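Below: one structure, written as structure tokens.
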Amino acid sequence: MYGVPILLHAQRLRVVCVGGGSVAARKVAGLIAGGAVLRIVAPSIVDDLRAALTADHVTWEARPHRRDDIGDAHLVIAATDDPAVNAAVARDADAAGRLCVRVDEGAAGSAAMMAAVHRDPLVLGVATTAGVPSLTRALRLDLEDRYGPEYGELAALCAELRADATLAATLAPLDQMTRRARWRRVIRPDILDLIRAGHLDQAKEAAFACLLSSSD
């Protein structure tokens, strides 16, 4: 099976989660934090989900799943402890043309949630299509160790530089390969060290100079 990685912007999503246990809570935690409009359908829910109900974008319908639960959701999560119910949810989602994540049997769903490391605005994700959660977990931990918060700061700095009119005018005449090569230069140990030390202004100056320089 070939998997296509896609980054979904949570704040623009409408999500239905069928199931209210601890697994469901883990699956939707990032969606809740990201501001997705989440509707939980389950006879009962764990405390973590109950606490999330204080947010105005999270609601709970205390009942079993019905076929019409899919509604206008972009994403459906089948997260009950009953495989038959999860299969029914997946069928309903498929019939409605919606993406569905099955927590009990990932390959049976049309989508899967990646193990992610958030270094906002940078997101690093890893997944397998073979249903090997221990491997994805190990790789996620490795990514956490390798890419600290400074990479998120670097991503934010690059976004700020991309919006700089002077820099944009300087880079515009260059061909695409040259522009890409200059942006790659910004990922330098000295710039990352400046960010780690909290010297963001100096890091920005160094990155700016890197992008303007025509030397290798």
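Read the figures in this text as sums done on the coordinates, not as results from a lab. None of the values given here were measured: they were computed from a predicted structure. Note that we place each Cβ from the backbone using ideal geometry, even for glycine, and neighbour counts take in every protein chain shown.
Annotations for the structure displayed:
- For the chain, the Cβ-based charge dipole about the Cα centre amounts to some 380 debye (Lys, Arg positive; Asp, Glu negative; other atoms uncharged).
- Rg and Dmax of segment 108-147, Cα atoms only, in Å: 10.8, 32
- Computed E for ARG67/VAL132 - FRET, C-beta separation, R0 30 angstrom, nearest 0.05: 0.40
- Taking the square roots of five times each eigenvalue of the Cα gyration tensor of the chain, the equivalent ellipsoid has semi-axes of 41, 18, 17 Å, listed largest first.
- Among the GluC sites (Glu not before Pro) found in segment 73-173, those both in a DSSP coil and sparsely packed, with 16 or fewer other Cβ atoms within 10 Å of their Cβ, are GLU105.
- FRET efficiency for the pair ALA95 and LEU200, taken as 1/(1 + (r/R0)^6) with r the Cβ-Cβ distance and R0 = 30 Å, rounds to 0.05.
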